[in-house]
Amino acid sequence: MLRIAGVEWLKTKRTPARWLTFLTPFFVAVFLLWYFSGRTITPGTQTAIFQTFFEVWSALVIPVGAGLLAGLMSHQEALAGHYHGWLATKRPRRQLYAGKLMMLVFLGSFSTFLATMALVAGLHLILDITVAWPVYLFAAILAIVGMLPLLAFHCWLSLIWGFGASIGVGGIGLLIAALMVTRLGDAIWPWVPWAWPVRLPVLAGVFLPGLNLPPETSFDVVIRQMTQGMVHAGIFFVVMLMGGLLWFERWEGRKNDD
């Protein structure tokens, strides 16, 4: 599997995938540093930065990024002989599919960690704001947990329908994720895949120092919601993974790609 993952990494060399993975985190971090640089620092600033960052990253970047990266990787295989060169290798089909998904997970996870660490470093070095970085790191892990089902879904979708479909669904996911940030998503977010990368890390904000929870909210409630979201995300990821593997065993490629 490591050899297949290495091959998949080499395939990204001549695509925008690497640039998107490495540059997007710095762009988001710089934008937020600029946005908060002109504001007065108050005890609630850290909470505002935390919530804004993870809402922007998880509601905007992750849905579009998942669709774009999966679409690019699928489109690359389509250009190389309409998938036939990839499918003709002697490797077991399940390893080929798992290698593609593994690379998507690596790119998405690395980008999320890079964006988080770039923001934390910028807050400390540029704005002289010391933040609870372990909470940010924990929230980044939760964002990745919520992102895994989307990556598995787009990996499958991009192979079936191509680059355009993956991007289109990613755009729809962006709109859904944006709605899930509002009160509209309070009751239904554990059942909506595009809400998991947004809601899970935001819940981790209760561990920020000095945060005053509303009377109706307790740590027990937050932990219960967090567990529910992670369980649903895990189940959906397994379903997408197993479904994709079983389908890929019989797939012979598409005749045309957009």
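The values are calculated or read from the model by the stated rules, or taken from the named source; none is laboratory data. Just so it is clear, the structure is predicted and the values come from calculations on it, not from any experiment. Virtual Cβ from ideal backbone geometry, glycine too; neighbours counted across all protein chains shown. For the accessible areas, the whole protein counts, side chains as well, though only heavy atoms, and no ligand, DNA or RNA atoms are used. Shrake-Rupley method; radii C 1.70, N 1.55, O 1.52, S 1.80 Å.
If exposed means no more than 16 neighbouring beta carbons inside 10 Å and the site is in a DSSP loop, what's the longest run of the chain without any exposed GluC sites (Glu not before Pro)?
Values: sites that count: Glu216, Glu249, Glu252.
Formally, the longest exposed-site-free interval is 1-215.
When the chain is fully extended, how far beyond the present Cα-Cα distance does Phe219 get from Ile172, taking 0.36 nm per residue of separation?
Here the segment from Phe219 to Ile172 would lengthen by 13.7 nm.
What is the distance, in nm, between label points placed 7 Å from the Cα along the Cα-to-Cβ direction at Arg18 and at Val30?
In this crude spin-label approximation the distance works out to 2.0 nm.
Only helices at least 24 Å long along their axis, Cα-based, and averaging 1.0 or more on Kyte-Doolittle count here, so list those DSSP H runs from the chain.
Within the chain the helices that satisfy the rule are 17-37, 93-125, 133-161, 163-181, 219-248.
Could you check how much of the accessible area of the chain is carbon and sulfur, as a whole percent, using a 1.4 Å probe?
Carbon and sulfur: 71 percent of the exposed surface of the chain.
Sequence gap of 8 or more, or different chains, plus Cα separation below 21 Å: how many lysine pairs satisfy both in the chain? Don't jump to the answer; show the numbers that get you there.
Working: Lys11/Lys90; Lys11/Lys100; Lys13/Lys100; Lys90/Lys100; Lys100/Lys255.
Within the chain, the lysine pair count is 5.
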